[in-house]
Every structure is written in C-alpha cells, then in structure tokens.
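One structure is given here, and the rest of the page talks about it.
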Amino acid sequence: MRENEDGEATREASLGFLWDFWYPALRSTELRGQKLTKAMLLEVPLVVGRTADGQAFAMRDSCPHRGMPLSYGNFDGKSVECSYHGWKFDACTGGCFEIPSLSSHDKLKVERIFAGHYPCQERDGYIWVYMAAPASRLPEIIPPIPELPVFSDKYKITQLSCVLPSHIDHGIIGLMDPAHGPFVHQSWYWRSRHSIHEKEKHFEPIPNGFRMSRHEPSSNSAPYKLLRYFSGEEAMTMIDFVLPNIRLEEIRSGHLWFSSRATVTPIERNLCRIDFVAAWNLLRAMPLIVPIFRSFAKRFLRQDQETMIKQAEGLKHDPRLMLIDDADRPAKWYFALKANLLDARRNGTPMVHPMPGPVTLHWRS
Ligand code: FES
Ligand SMILES: [Fe+2]
C-alpha cells in the first residue's frame, strides 16, 4: 500500500464507518431534470444526477484535475463538464474524454483519467450509492440493494427522514434501544411510563445481523390493536437488524400487512440521517391511514431527534458510557457484528457471528 493509501485506511478505520455497502444518498424526488445535486455519504462529497435516459449516477464531487466540485459544472444529460478548465467526464463511467487545453503537441492519454465514481441505482424512492472503500477496487460482484419486503401487489408507500447530530453508532443503538420508549415516546395513543412492564423477547442470529423472532406485539400499543380490529386476526411482528445500518419490521395480521425499513446513514462523523420507508395494504380497511400514519411516524422521529440533539451535548465531552444487560444487549451485538465483519474482511476469513444461537432477553419497557 502506498503511504497516502495507508493514511487513508487509518483515517477510515478511525471514523467507524462501514465501507462496501449500499447507502441511500438522496430521495428520488430530490433529483430533478438535468440538475446536478450534491450529497454526502461517509464524509465523501458526491455529485448525483440522472442522465437523459433516466439512469442515476454518482461521482465524487471533486474534479481529478484541481479538485473543483463537479457539481458547479454543466451537465448535458450525458456528461459533466468541469466549471474550471472544462474537462468533460462521462457521467456513467467517470471517464474523461475531453481536455480543451490540449494541443496537437500533447501526448496525454485522456481516456486514462477518471473522476471518482460510484455504482448508483434507484430503488424504493431513494438514490442508492455503493460506497466502495477509498483506494480499493470494486468487488467483482456488487451485492444487491437492500429491498423493502412487500407482501401483495397493491400497497401504499411513504418515506420520511430526519437528521441526527450523532455518530452512526449512536444513531443505530438509539434505533434498537427498547428502554427509551416509555420516556421519549410517551403519548396517549402509544404508551406511557405507567405502562412499563416486564417483557421477554426471543432473538436469533441471521446473516450479518439478528432477528427479534416473530411474536405477538405487546398489548400496550394502540396501532396493533387497530390492525387486529380490522383484520379480525392476531397480529404478529418480526424485527430484523442487518449490517451496516438497516432495521426491518414487518407486521402481519390476516391478509393485512405493514412493512417498514429504517436505515441510519453516516453523512459525516457526527451527523447521520434516518431514512424511514413504510409500505402497507391497509388502505381499503382504513382510508385515512396515510396522513394519520405519517403524523404518528413524524412525531416519533422528532422525539428521537430531540433526544439525540440533547445527548450530543453530553457526548461532546467524551464521557464514559455503559451498555447493560439485557436492554442494551442488541447494541452489544451490533458492535460485535461490526468488529467481526471488519476482522473477517481484514483476514479474508468467513465472518464469525457473535450470537451462538437463539437468545431470550428480558427487560422492562
Ligand atoms: S479543476 Fe476541473 S478542469 Fe481543472
Ligand atoms: Fe425512539
């Protein structure tokens, strides 16, 4: 490894990001016409756009000539022209094909110059970018983009997002933390701190993550009661966490289903974004559910966001922290999964799963 690559690798490790995964960079609706749009993932500045034939693309927002952000350049639906000296790059490959200053005396091989470039695809209303580690090659087979599970042809889908002033790890363990519910998400229709009771939940290992096994949701949650009311059958729920940052929840009750995915995406070292997408087929049973659901979900996210803003005040002073059993056990699994994945990648060995098998946890919430 060259010296600066070594330096880059050390810097990456210290940021605590997981490279070589797909991350949602933007909502599809944020890309309009032939406008170049800036985004940031894992502290990498990106310029994102859509070609005239509708293909989303993502380049490093930095011209390989002198670092001018390419987002200031011109885009004609096919290629990006840098605003400084007019070098032109193919938007889909990053390949340079024109340097206006070259004369007939120059021997520079233009086609050997590339702007930083990332695999990019649209799915579920997001522009996904595969963040290959800097100074590394793309793997031969790029894994598929994480999909939101749906269980019928017709369904409604909605997206929400919220930015947290936190490192990705705090965003994620906040998302999987069962003990803050009665304190942060108190409301008449959900639960109150007086409804705290002991719970027993079963977990099992899944590839790159863990699953809260299929179970009947606790009786203190109004939305599940509603579902049962409309389907006339018991509701069952299952929650997965999968590296690098995905929480999937599915609720099924008879023919009715609800499926959601929250991803926590690192933007900068102390900034991450929760993207929440939910789909369901409850429409006919409950025509008003879209606005009602959105306002519930927004309120939930806002409560988490306000909490993380306050927590960030405390974290600035680098306090010592604790993870306790059993309520913080999922957080411990997250850190262990992450460490074991990095070990496996470093050593070229299969990843060791931190859970030996199914585990039952107890907590009060
Ligand atoms: S900086 Fe982009 S062409 Fe010179
Ligand atoms: Fe929360």
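The values are calculated or read from the model by the stated rules, or taken from the named source; none is laboratory data. None of the values given here were measured: they were computed from a predicted structure. Note that we place each Cβ from the backbone using ideal geometry, even for glycine, and neighbour counts take in every protein chain shown.
As an exercise: evaluate Pro319 against (1) assigned to a loop (DSSP other than H, G, I, E, B); (2) at pLDDT 95 or above and give the number of the one condition it does not meet.
Here Pro319 clears every test but (2).
For segment 224-236, indicate whether the set of residues that are surrounded by fewer than 20 Cβ atoms within 10 Å (Cβ to Cβ), modelled with pLDDT of 95 or more and not hydroxyl-bearing (Ser, Thr, Tyr) is non-empty.
First, the residues of segment 224-236 that are surrounded by fewer than 20 Cβ atoms within 10 Å (Cβ to Cβ): 225-226, 228-234, 236.
Those still in the list that are modelled with pLDDT of 95 or more too: none.
Among the residues of segment 224-236, not one is surrounded by fewer than 20 Cβ atoms within 10 Å (Cβ to Cβ), modelled with pLDDT of 95 or more and not hydroxyl-bearing (Ser, Thr, Tyr), which makes the answer no.
Would you check if Pro149 is part of a loop (DSSP other than H, G, I, E, B) and not assigned by TED's automatic domain parsing to the domain that holds Ala331?
Numbers: part of a loop (DSSP other than H, G, I, E, B): yes; not assigned by TED's automatic domain parsing to the domain that holds Ala331: yes.
Yes, satisfied.
Within segment 65-123, restricting attention to residues that are of a type in the set (Phe, Trp, Tyr) and in contact with a Gly (Cβ under 7 Å, 6 or more places away or on another chain), which residue is nearest to ligand 1 (Cβ to nearest atom)? Please lay out each step first, then the result.
Step one: list which residues in segment 65-123 are of a type in the set (Phe, Trp, Tyr), which gives 72, 75, 84, 87, 89, 97, 114, 118.
After this cut, where a residue has to be in contact with a Gly (Cβ under 7 Å, 6 or more places away or on another chain) as well, the list is 75, 89, 114.
On the way: Phe75: 14, Phe89: 9, Phe114: 13 Å.
Per the criteria, the residue is Phe89.
If Ile324 satisfies all but one of (1) without any contact (Cβ under 8 Å) to a residue 60 or more places away in the chain; (2) in a helix (DSSP H, G or I); (3) among the hydrophobic types (A, V, I, L, M, F, W, C), what's the number of the condition it fails?
(2)
Return a yes/no flag: does segment 340-354 have any residue that is surrounded by 12 or more Cβ atoms within 10 Å (Cβ to Cβ), closer than 25 Å to Cys162 by Cβ, of a type in the set (D, E, K, R) and away from ligand 1 (no atom under 16 Å from the Cβ). Please lay out each step first, then the result.
Pass one, segment 340-354, residues surrounded by 12 or more Cβ atoms within 10 Å (Cβ to Cβ): 340-345, 351-354.
So of that shortlist, the ones also closer than 25 Å to Cys162 by Cβ come out as none.
Checking segment 340-354: not a single residue is surrounded by 12 or more Cβ atoms within 10 Å (Cβ to Cβ), closer than 25 Å to Cys162 by Cβ, of a type in the set (D, E, K, R) and away from ligand 1 (no atom under 16 Å from the Cβ).
Does Ser152 satisfy the criteria of being more than 30 Å from His197 (Cα to Cα) and within 16 Å of ligand 1 (Cβ to nearest atom)? Talk me through it step by step, then tell me what you get.
Details: more than 30 Å from His197 (Cα to Cα): yes; within 16 Å of ligand 1 (Cβ to nearest atom): no.
Against the criterion (more than 30 Å from His197 (Cα to Cα) and within 16 Å of ligand 1 (Cβ to nearest atom)), Ser152 does not qualify.
Name, by its number, the condition in (1) assigned to a loop (DSSP other than H, G, I, E, B); (2) within 25 Å of Val264 (Cα to Cα) that does not hold for Ser104.
(2)
Might you check whether a residue that is in contact with a helix residue (DSSP H, G or I) (Cβ under 8 Å, 6 or more places away or on another chain), under 27 Å from Tyr130 (Cα atoms), touching a residue at least 60 places away in the same chain (Cβ under 8 Å) and buried (at least 16 other Cβ atoms within 10 Å of the Cβ) occurs anywhere in segment 278-300? Talk me through it step by step, then tell me what you get.
So in segment 278-300, the residues in contact with a helix residue (DSSP H, G or I) (Cβ under 8 Å, 6 or more places away or on another chain) come out as 278, 280, 282-283, 285-286, 296.
From what is left, the residues that are under 27 Å from Tyr130 (Cα atoms) are 278.
This time we only want the ones that are touching a residue at least 60 places away in the same chain (Cβ under 8 Å), so: 278.
Now narrow it down to the ones that are buried (at least 16 other Cβ atoms within 10 Å of the Cβ): 278.
Yes, some residue in segment 278-300 is in contact with a helix residue (DSSP H, G or I) (Cβ under 8 Å, 6 or more places away or on another chain), under 27 Å from Tyr130 (Cα atoms), touching a residue at least 60 places away in the same chain (Cβ under 8 Å) and buried (at least 16 other Cβ atoms within 10 Å of the Cβ).
Per-residue answers, yes or no, for (1) within 19 Å of Ala278 (Cα to Cα); (2) within 12 Å of ligand 2 (Cβ to nearest atom); (3) buried (at least 19 other Cβ atoms within 10 Å of the Cβ); (4) modelled with pLDDT of 90 or more:
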position	(1), (2), (3), (4)
Arg123	yes, no, no, yes
Ala135	no, no, no, no
Ile142	no, no, no, yes
Pro146	yes, no, yes, yes
Val163	yes, no, no, yes
Ser166	no, no, yes, yes
Asp169	no, no, no, yes
Ile173	no, yes, yes, yes
Pro182	no, yes, yes, no
